[in-house]
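These notes concern the structure reproduced below.
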Amino acid sequence: MGRTSGSELGRIVRTVRDHPGFAPELLALAAVAGIGPQAREWARELRSAYPDAGDDGLARLATRRFVRRAGTGGAVAAAAGLFAPVVELAAVLWTQANLVLHLAAAYGRDPAHPDRAVELLVLTQVHPDEESAAAALAAARALDGPGDEPWPRAAEAAWRLAAPLTAQAGGWMALRLASRVLPGAAVVAAAVGDAAAAERVAARAVAAYRPIRGR
């Protein structure tokens, strides 16, 4: 369910390395294009096999699966060199993207629709609202060719990717990021292993996608 193939993972890593300053937006676009159809098929198959499961049942299944997976992400960073913190932090958001898009599918939203990229950036707290998320996605879509000045852009990407995780983890990671500029393996591994952050993302996604009862 929502597993990323080796070729797809390599493409995502290359894209993030080319334009690290737009890593969250590029990941959101790649997730909707790559994960969205898989999530849609997952929901269709489960509804066919278990017609009595209901939307909430599918949502619980997706949440359990991806909260567990949140503790195992980040293995792709080993060969990323300078960009290792960016790529490993990106792996956290990739897992959260899987979670959000499967929850959207569970509640009858099309996980491959372009609107999901906007919602994904808001639900993972990369952007505060849909307007700013949409503007950033438009800029990311307009990129052409590799970026320049890799170190400042890698630092920018690490901060942008880490900011929502910092809020989710209660602020401890911000202190360690500030003390080390770009975090080492211990800091990133702690962020990647934060299943509680994935649970909070799930709660926001369920609140956004579950129909309001009694109306």
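The values are calculated or read from the model by the stated rules, or taken from the named source; none is laboratory data. Quantities reported herein were computed from a predicted structural model and do not represent experimental measurements. Counting neighbours? That spans all protein chains shown, and the Cβs are built from the backbone with ideal geometry, glycine included. Just so you know, the surface numbers come from the protein's heavy atoms only, side chains and all, with ligands and any DNA or RNA stripped out. Shrake-Rupley method; radii C 1.70, N 1.55, O 1.52, S 1.80 Å.
A few comments on the model shown:
- Residue within the stretch 68-75 that is within 28 Å of Ala134 (Cα to Cα) and modelled with pLDDT under 70 present: yes
- Within the stretch 19-43, restricting attention to residues that are over 14 Å from Leu101 (Cβ atoms) and part of a helix (DSSP H, G or I), the residue that is most open to solvent (accessible area, probe 1.4 Å) is Phe22.
- Within the stretch 117-134, being of a type in the set (Ser, Thr, Tyr) and open to solvent by 20 Å² or more (accessible area, probe 1.4 Å) holds for one residue alone: Ser132.
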